Amino acid sequence: MIGDSITDCDRVRPFGEGKGDALGNGYVSHINALLESTYPELDVRTINMGISADTTRELRMRWQTDVIDLQPDWVSIMIGINDILRHYNRVHIKECHVSLEEYEQTLEALVVEAKASGVQEVFLMTPFFIESSSDDTLRGMTLQYGAAVKRISERQSTRFIDVQSAFDRHLKHHYSLELAADRVHPTQTGHMIIAREWLKAVGYEWL
C-alpha cells in the first residue's frame, strides 16, 4: 500500500511491515488487522510504503524501489491530495504545481508499469477532502482529480475505491472537523471509513 501521509501514518522505515506499529496507525493497519483476524488461512503480508508530503512526482521517482522491486501480488495506491494542495499552499512556487493532466498521465503510467511487472491486482483510491460544502474550491478540485482516478481505473481495469464518496456519506450526519481537524488527515474513525471502503472492494465478509 503506497501513498502520502494519509497512508504513511508513522510507519517504520525502510519497509513498513512487522510487529507493533510497523504498519503505522492508519487505514493500512486497520485493513491488515481485519484481514488477518478474519482470514488467517490466507497468510496475508502487508507492506506500508507511504511517505508524507508525496505527490505523484515523488511516487514516480521511487516506484521501482518501493513497488516493482518488492514484487507484490497486489498494489493499492492513494495519492493526489498534495498534488492539489501545492496549488494553494505554495501558490508562488509554480514549478511544484502538479496539473490535472500531469497527475493523470503519471498515475496511469505507474499502473501500467505495475501490471507489466506482474502485479495481479491494482487498487486505485481517490484523493479526498473532508468538506461537505459543494462551493469549496479545494473540494471541487479534489473531485476533478478523483474523476481522473476513475478514468484510469476504467481504462486499466483496476479496482476502484471512491474514498471521497465514502466520506461524503458520513458528512450527511457529522461535521467535517469530527473527522479531520485540517480536513485532510483523518481521525481513527476517518481511517476506518477508508479501510471499510477498501475492504468492500475485495468482498470482505465477517465470518
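The values are calculated or read from the model by the stated rules, or taken from the named source; none is laboratory data. Everything numeric here is computed off the predicted structure, so don't read it as measured data. Cβ: placed from backbone, ideal geometry, glycine included. Neighbour counts: every protein chain shown. We work out accessible area using only protein heavy atoms, side chains counted, and drop any ligands, DNA or RNA first. Shrake-Rupley method; radii C 1.70, N 1.55, O 1.52, S 1.80 Å.
When the accessible area of the range 71-125 is computed with all protein chains present and a 1.4 Å probe, what percentage of it is carbon and sulfur? List each step's numbers first, then the result.
On the way: 1330 of 2630 Å².
Carbon-and-sulfur percentage of accessible area, whole number: 50.
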Exercise for the section: With a cut-off of 19 Å, note down the residues of the range 112-135 whose backbone N falls inside the zone around a label point 7 Å from the Cα of His87 toward its beta carbon. Expected result: 126-135
Exercise for the section: Run through every distinct alpha carbon pair of the range 114-161 and return the Kirkwood hydrodynamic radius in angstroms, one decimal place. Expected result: 11.9
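Any chance you could run the full-extension gain for Glu154 through Leu177? It's 0.36 nm times the residue separation minus the Cα-Cα distance, nm to one decimal. Show your work: numbers first, answer last.
Details: separation 23, 0.36 × 23 = 8.28 nm, distance 3.27 nm.
Additional length available on full extension: 5.0 nm.
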Fill in the blank from the handout: For the range 87-104, in residue order, the Karplus 3J(HN,Hα) values (coefficients 6.51, -1.76, 1.60; θ = phi - 60°; whole Hz; Gly and Pro = x) are 5, 10, 8, 9, 3, 8, 9, 5, 5, 9, 6, 9, 5, 4, 5, 5, 4, 5
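For the range 153-207, give the percent of accessible area contributed by carbon and sulfur heavy atoms, probe 1.4 Å, rounded to a whole number. Each step should come with its number before you reach the end.
On the way: 1660 of 3210 Å².
Answer for the range 153-207: carbon and sulfur cover 52 percent of the accessible area.
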Handout entry: J(HN,Hα) series, the range 75-85, from Karplus relation 6.51 cos²θ - 1.76 cosθ + 1.60, nearest Hz, glycine and proline x
Key = 10, 10, 10, 10, 8, x, 5, 6, 4, 6, 5
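Across every pair of different alpha-carbon atoms, what Kirkwood hydrodynamic radius in Å does the chain reach?
On the way: mean 1/r = 0.0580 Å⁻¹.
Kirkwood radius, the chain: 17.2 Å.
Give me the percent relative contact order of the range 89-207, please, defined on Cα pairs under 8 angstrom at least 6 residues apart. Before the final figure, lay out each step's value.
Details: 114 pairs, mean separation 29.3, N = 119.
The value is 25 percent.
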Exercise for the section: Give the relative contact order (percent, whole number) for the chain; include only Cα pairs under 8 Å separated by 6+ residues. Expected result: 21
Practice task
Give the total of Lys-Lys pairs in the chain with Cα-Cα distances below 25 Å; include a pair only if its members are 8 or more places apart or on different chains.
Solution key: 5
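I'd like the Kirkwood hydrodynamic radius of the range 119-207, using the inverse of the mean 1/r over distinct C-alpha pairs, in Å.
Values: mean 1/r = 0.0728 Å⁻¹.
For the range 119-207, the Kirkwood estimate is 13.7 Å.
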Problem - Mean projection area, nm², convex hull over Cα of the range 1-99 - result: 6.8
